[in-house]
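Heads up: the structure comes next, in C-alpha coordinates.
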Amino acid sequence: MKARLKGIGMTSQRTRNRLVERLADEGIENQAVLEAMRETPRHIFVDEALASRAYENTALPIGFGQTLSQPYIVARMSEALLRAGTPGKVLEIGAGSGYQAAILAHLVPEVFTVERIGSLSRKARRRFRELGLGNIHIKHSDGKLGWSKHAPYDGIIATAAPRQIPKSLLEQLALYGRLIIPVGEEGAQKLLLITRTSDAFEQEILEPVSFVPMLAGDN
Ligand code: SAH
(Lines give C-alpha, C1' and ligand atoms only; values in the text may rest on other atoms or scores of the structure.)
Protein backbone atom coordinates (compact mmCIF):
# COMPACT_ATOMS: atom_id res chain seq x y z
CA MET A 1 0.00 0.00 0.00
CA LYS A 2 2.77 2.34 1.00
CA ALA A 3 4.73 1.53 -2.17
CA ARG A 4 1.65 2.09 -4.29
CA LEU A 5 1.01 5.51 -2.77
CA LYS A 6 4.63 6.40 -3.27
CA GLY A 7 4.29 5.36 -6.92
CA ILE A 8 1.32 7.67 -7.40
CA GLY A 9 3.22 10.49 -5.76
CA MET A 10 6.16 10.05 -8.10
CA THR A 11 3.97 9.92 -11.16
CA SER A 12 2.19 13.10 -10.24
CA GLN A 13 5.51 14.81 -9.49
CA ARG A 14 6.76 13.81 -12.91
CA THR A 15 3.61 15.02 -14.67
CA ARG A 16 3.77 18.20 -12.61
CA ASN A 17 7.33 18.78 -13.79
CA ARG A 18 6.13 18.36 -17.37
CA LEU A 19 3.34 20.87 -16.79
CA VAL A 20 5.85 23.37 -15.42
CA GLU A 21 8.08 22.89 -18.48
CA ARG A 22 5.09 23.58 -20.71
CA LEU A 23 4.21 26.74 -18.77
CA ALA A 24 7.79 27.97 -19.14
CA ASP A 25 7.56 27.29 -22.90
CA GLU A 26 4.37 29.34 -23.00
CA GLY A 27 6.17 32.33 -21.54
CA ILE A 28 5.84 32.08 -17.74
CA GLU A 29 9.17 33.39 -16.49
CA ASN A 30 8.81 33.90 -12.73
CA GLN A 31 10.79 31.07 -11.12
CA ALA A 32 8.94 31.33 -7.80
CA VAL A 33 5.61 30.88 -9.61
CA LEU A 34 6.92 27.88 -11.55
CA GLU A 35 8.28 26.40 -8.31
CA ALA A 36 4.94 26.89 -6.52
CA MET A 37 3.20 25.07 -9.37
CA ARG A 38 5.76 22.28 -9.21
CA GLU A 39 5.12 21.84 -5.49
CA THR A 40 1.34 22.11 -5.42
CA PRO A 41 -0.58 18.89 -6.12
CA ARG A 42 -3.40 20.08 -8.43
CA HIS A 43 -5.08 16.64 -8.33
CA ILE A 44 -6.02 17.27 -4.68
CA PHE A 45 -8.22 20.16 -5.87
CA VAL A 46 -10.47 18.18 -8.23
CA ASP A 47 -12.76 15.18 -7.78
CA GLU A 48 -11.05 11.81 -7.91
CA ALA A 49 -12.63 11.00 -11.26
CA LEU A 50 -10.77 13.94 -12.81
CA ALA A 51 -7.48 13.48 -10.94
CA SER A 52 -5.79 11.86 -13.95
CA ARG A 53 -6.39 15.05 -15.95
CA ALA A 54 -5.15 17.40 -13.25
CA TYR A 55 -1.84 18.17 -14.95
CA GLU A 56 -3.23 18.91 -18.39
CA ASN A 57 -3.15 22.59 -19.21
CA THR A 58 -6.95 22.87 -19.21
CA ALA A 59 -9.71 24.23 -17.00
CA LEU A 60 -11.54 21.50 -15.04
CA PRO A 61 -15.07 21.38 -13.56
CA ILE A 62 -15.32 21.61 -9.75
CA GLY A 63 -19.13 21.30 -9.45
CA PHE A 64 -21.92 23.89 -9.22
CA GLY A 65 -21.14 24.96 -12.81
CA GLN A 66 -17.78 26.38 -11.68
CA THR A 67 -14.30 25.64 -12.99
CA LEU A 68 -10.72 25.49 -11.79
CA SER A 69 -8.83 27.78 -14.19
CA GLN A 70 -6.32 26.53 -16.72
CA PRO A 71 -2.84 26.31 -15.09
CA TYR A 72 -1.48 28.86 -17.59
CA ILE A 73 -3.99 31.47 -16.35
CA VAL A 74 -3.25 30.70 -12.68
CA ALA A 75 0.46 31.16 -13.41
CA ARG A 76 -0.07 34.30 -15.47
CA MET A 77 -2.19 35.99 -12.80
CA SER A 78 0.25 35.03 -10.05
CA GLU A 79 3.13 36.38 -12.12
CA ALA A 80 1.31 39.67 -12.79
CA LEU A 81 0.69 40.00 -9.06
CA LEU A 82 4.40 39.59 -8.27
CA ARG A 83 5.78 41.71 -11.10
CA ALA A 84 6.37 44.78 -8.92
CA GLY A 85 7.71 42.87 -5.91
CA THR A 86 6.22 40.45 -3.42
CA PRO A 87 2.99 41.68 -1.83
CA GLY A 88 2.53 41.02 1.90
CA LYS A 89 -1.19 40.45 1.98
CA VAL A 90 -3.33 39.19 -0.88
CA LEU A 91 -7.07 38.79 -1.25
CA GLU A 92 -8.61 36.36 -3.74
CA ILE A 93 -12.24 36.58 -4.87
CA GLY A 94 -13.64 33.16 -5.79
CA ALA A 95 -11.74 30.48 -3.85
CA GLY A 96 -13.48 27.70 -5.83
CA SER A 97 -11.38 24.58 -5.41
CA GLY A 98 -8.70 26.51 -3.49
CA TYR A 99 -5.94 25.82 -6.03
CA GLN A 100 -5.10 29.44 -6.89
CA ALA A 101 -5.02 30.30 -3.17
CA ALA A 102 -2.69 27.34 -2.53
CA ILE A 103 -0.31 28.62 -5.23
CA LEU A 104 -0.42 32.11 -3.68
CA ALA A 105 0.27 30.64 -0.23
CA HIS A 106 3.70 29.56 -1.53
CA LEU A 107 4.43 33.03 -2.90
CA VAL A 108 3.20 35.58 -0.34
CA PRO A 109 3.06 35.67 3.48
CA GLU A 110 -0.72 35.90 3.90
CA VAL A 111 -3.65 34.91 1.68
CA PHE A 112 -7.30 35.77 2.25
CA THR A 113 -9.93 34.21 0.00
CA VAL A 114 -13.72 34.40 -0.23
CA GLU A 115 -16.18 32.04 -1.91
CA ARG A 116 -19.95 32.45 -2.31
CA ILE A 117 -20.78 28.72 -2.55
CA GLY A 118 -20.69 27.22 0.94
CA SER A 119 -19.91 23.68 -0.09
CA LEU A 120 -16.92 24.77 -2.23
CA SER A 121 -15.63 26.97 0.55
CA ARG A 122 -15.82 24.09 3.07
CA LYS A 123 -14.02 21.70 0.71
CA ALA A 124 -11.29 24.27 0.01
CA ARG A 125 -10.79 24.84 3.75
CA ARG A 126 -10.35 21.09 4.26
CA ARG A 127 -7.73 20.94 1.47
CA PHE A 128 -5.75 23.84 2.96
CA ARG A 129 -5.70 22.01 6.29
CA GLU A 130 -4.65 18.70 4.66
CA LEU A 131 -1.78 20.44 2.89
CA GLY A 132 -0.74 22.35 6.01
CA LEU A 133 -1.29 25.74 4.35
CA GLY A 134 -1.81 27.70 7.56
CA ASN A 135 -1.35 31.11 5.91
CA ILE A 136 -4.66 30.94 4.00
CA HIS A 137 -7.81 32.38 5.58
CA ILE A 138 -11.10 31.54 3.88
CA LYS A 139 -14.57 32.98 4.31
CA HIS A 140 -17.96 32.06 2.82
CA SER A 141 -19.32 35.39 1.58
CA ASP A 142 -19.93 37.72 -1.34
CA GLY A 143 -16.56 38.70 -2.75
CA LYS A 144 -17.97 41.81 -4.44
CA LEU A 145 -17.74 43.32 -1.00
CA GLY A 146 -14.12 42.25 -0.58
CA TRP A 147 -13.09 41.39 3.01
CA SER A 148 -12.90 44.74 4.74
CA LYS A 149 -11.73 43.40 8.10
CA HIS A 150 -8.22 42.67 6.80
CA ALA A 151 -7.94 45.53 4.26
CA PRO A 152 -5.94 47.14 2.78
CA TYR A 153 -4.43 44.47 0.55
CA ASP A 154 -1.19 44.75 -1.44
CA GLY A 155 -2.76 42.56 -4.06
CA ILE A 156 -6.25 41.39 -5.02
CA ILE A 157 -6.94 38.62 -7.54
CA ALA A 158 -10.46 37.94 -8.82
CA THR A 159 -11.09 34.57 -10.45
CA ALA A 160 -14.68 35.32 -11.47
CA ALA A 161 -15.63 38.12 -13.86
CA PRO A 162 -17.90 41.02 -12.89
CA ARG A 163 -19.40 43.34 -15.55
CA GLN A 164 -17.75 46.25 -13.78
CA ILE A 165 -15.07 46.44 -11.14
CA PRO A 166 -16.72 46.38 -7.69
CA LYS A 167 -16.02 49.61 -5.80
CA SER A 168 -15.17 47.77 -2.57
CA LEU A 169 -12.24 46.02 -4.25
CA LEU A 170 -10.74 49.35 -5.34
CA GLU A 171 -11.30 50.77 -1.87
CA GLN A 172 -9.58 47.83 -0.19
CA LEU A 173 -6.45 48.14 -2.31
CA ALA A 174 -3.35 49.56 -0.56
CA LEU A 175 -1.39 52.42 -2.11
CA TYR A 176 0.58 50.89 -5.04
CA GLY A 177 -1.48 47.73 -4.53
CA ARG A 178 -2.41 45.72 -7.62
CA LEU A 179 -5.82 44.34 -8.57
CA ILE A 180 -5.91 41.61 -11.22
CA ILE A 181 -9.41 41.05 -12.44
CA PRO A 182 -11.27 39.68 -15.49
CA VAL A 183 -13.99 42.13 -16.49
CA GLY A 184 -16.84 41.92 -18.98
CA GLU A 185 -19.54 39.65 -20.33
CA GLU A 186 -19.00 36.07 -21.41
CA GLY A 187 -17.16 35.96 -24.72
CA ALA A 188 -15.78 39.49 -24.32
CA GLN A 189 -13.76 39.48 -21.12
CA LYS A 190 -10.42 41.12 -20.60
CA LEU A 191 -7.96 40.52 -17.81
CA LEU A 192 -7.11 43.90 -16.27
CA LEU A 193 -4.28 44.95 -14.00
CA ILE A 194 -5.23 47.99 -11.92
CA THR A 195 -2.58 49.76 -9.85
CA ARG A 196 -3.56 52.24 -7.16
CA THR A 197 -1.41 55.37 -7.22
CA SER A 198 -1.63 58.39 -4.91
CA ASP A 199 -4.31 60.05 -7.02
CA ALA A 200 -5.62 57.48 -9.51
CA PHE A 201 -6.20 53.86 -10.51
CA GLU A 202 -4.00 53.03 -13.49
CA GLN A 203 -5.26 50.36 -15.84
CA GLU A 204 -3.40 47.92 -18.08
CA ILE A 205 -5.10 45.32 -20.27
CA LEU A 206 -3.29 41.98 -19.97
CA GLU A 207 -5.18 39.63 -22.32
CA PRO A 208 -8.57 38.25 -23.39
CA VAL A 209 -9.82 35.60 -20.96
CA SER A 210 -12.85 33.44 -20.18
CA PHE A 211 -13.96 33.21 -16.54
CA VAL A 212 -17.25 32.29 -14.86
CA PRO A 213 -19.31 35.35 -13.92
CA MET A 214 -18.90 37.04 -10.55
CA LEU A 215 -22.37 36.86 -9.02
CA ALA A 216 -23.87 38.69 -6.09
CA GLY A 217 -23.83 36.76 -2.82
CA ASP A 218 -27.52 35.84 -2.86
CA ASN A 219 -27.96 34.52 -6.40
N1 SAH B 1 -9.79 30.36 -7.98
C2 SAH B 1 -10.61 29.19 -8.21
C3 SAH B 1 -11.44 29.34 -9.49
C4 SAH B 1 -12.85 29.08 -9.20
S5 SAH B 1 -14.02 29.58 -10.41
C6 SAH B 1 -9.78 27.92 -8.18
O7 SAH B 1 -8.55 28.02 -8.08
O8 SAH B 1 -10.36 26.83 -8.20
C9 SAH B 1 -14.64 31.06 -9.69
C10 SAH B 1 -15.27 30.96 -8.35
O11 SAH B 1 -15.78 32.25 -8.02
C12 SAH B 1 -16.46 30.00 -8.23
O13 SAH B 1 -16.20 29.07 -7.22
C14 SAH B 1 -17.63 30.91 -7.87
O15 SAH B 1 -18.54 30.31 -6.98
C16 SAH B 1 -16.92 32.09 -7.21
N17 SAH B 1 -17.69 33.34 -7.19
C18 SAH B 1 -18.47 33.89 -8.15
N19 SAH B 1 -18.99 35.06 -7.74
C20 SAH B 1 -18.53 35.26 -6.46
C21 SAH B 1 -18.71 36.28 -5.49
N22 SAH B 1 -19.49 37.36 -5.72
N23 SAH B 1 -18.08 36.14 -4.30
C24 SAH B 1 -17.29 35.07 -4.03
N25 SAH B 1 -17.08 34.07 -4.91
C26 SAH B 1 -17.68 34.16 -6.11
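What's the center-to-center distance, using Cα atoms, between the range 160-210 and the range 27-49 in Å?
Distance between centres, Cα-based: 24 Å.
In 5 Å bins starting at 0, how do the alpha-carbon pair distances of the range 107-151 split up by percent?
Percent of pairs per bin, in order: 5, 21, 31, 23, 17, 3.
Quick one: pull the percentage of alpha-carbon pairs in the range 13-52 with a separation above 10 Å.
70
What are the chymotrypsin sites (Phe, Trp or Tyr not before Pro) within the range 111-169 that DSSP puts in a loop, where the Cβ has at most 16 other Cβ atoms within 10 Å?
The qualifying sites: there are none.
Under the rule a/c < 1.5 gives rounded, and otherwise a/b versus b/c splits prolate from oblate, where does the range 163-210 land using the Cα gyration tensor?
prolate
Looking at the chain, send over the antiparallel percent of its DSSP beta bridges, to the nearest 5.
45
Any idea what Rg and Dmax come out to for the chain if you just take the C-alpha atoms, in Å?
Considering the chain through its Cα atoms, Rg and Dmax are 16.6, 61 Å.
Under the rule that an exposed site lies in a DSSP loop and has at most 13 other Cβ atoms within 10 Å, name the longest stretch of the chain with no GluC sites (Glu not before Pro) of that kind, not counting the sites themselves. Before the final figure, lay out the partial values.
Details: sites that count: GLU26, GLU29, GLU185, GLU186.
Result, exposed sites excluded: 30-184.
Taking trypsin sites (Lys or Arg not before Pro) as candidate sites, keep only those in a DSSP loop with at most 16 other Cβ atoms within 10 Å, then name the longest stretch of the chain containing none of them.
Result, exposed sites excluded: 1-82.
Over the chain, with every protein chain in place, what whole percent of the accessible area is carbon and sulfur at 1.4 Å, could you tell me?
50
Would you kindly state how much longer the chain becomes between LEU215 and GLU130 on full extension, computed as 0.36 nm times their sequence separation minus their alpha carbon distance, in nm to one decimal?
The LEU215-GLU130 span can extend by a further 27.7 nm.
Once you keep just the Cα pairs under 8 angstrom separated by 6 or more residues, what percentage relative contact order results for the range 64-209? Could you put the intermediate results ahead of the total?
On the way: 294 pairs, mean separation 27.6, N = 146.
RCO, the range 64-209: 19 percent.
What number results when the radius of gyration of the range 43-137, computed over Cα atoms, is divided by 2.2 N^0.38 Å?
1.03
I'd like the Kirkwood hydrodynamic radius of the range 105-219, using the inverse of the mean 1/r over distinct C-alpha pairs, in Å.
That comes to 14.9 Å for the range 105-219.
How large is the accessible surface per residue of the range 64-209, computed with a 1.4 Å probe and reported in Å² as a whole number?
Per residue, the range 64-209 has 43 Å² of solvent-accessible surface.
Would you mind calculating the gained length between LEU170 and ASP199 on full extension (0.36 nm times residue separation, minus the Cα-Cα distance), in nm to one decimal?
Full extension from LEU170 to ASP199 adds 9.2 nm.
The values are calculated or read from the model by the stated rules, or taken from the named source; none is laboratory data. No experiment lies behind these values; they were computed from the predicted model shown. Neighbour counts run over all protein chains shown; Cβ positions are idealised from the backbone, glycine included. All accessible areas refer to the heavy atoms of the entire protein, side chains included, with ligands and DNA or RNA removed. Shrake-Rupley method; radii C 1.70, N 1.55, O 1.52, S 1.80 Å.
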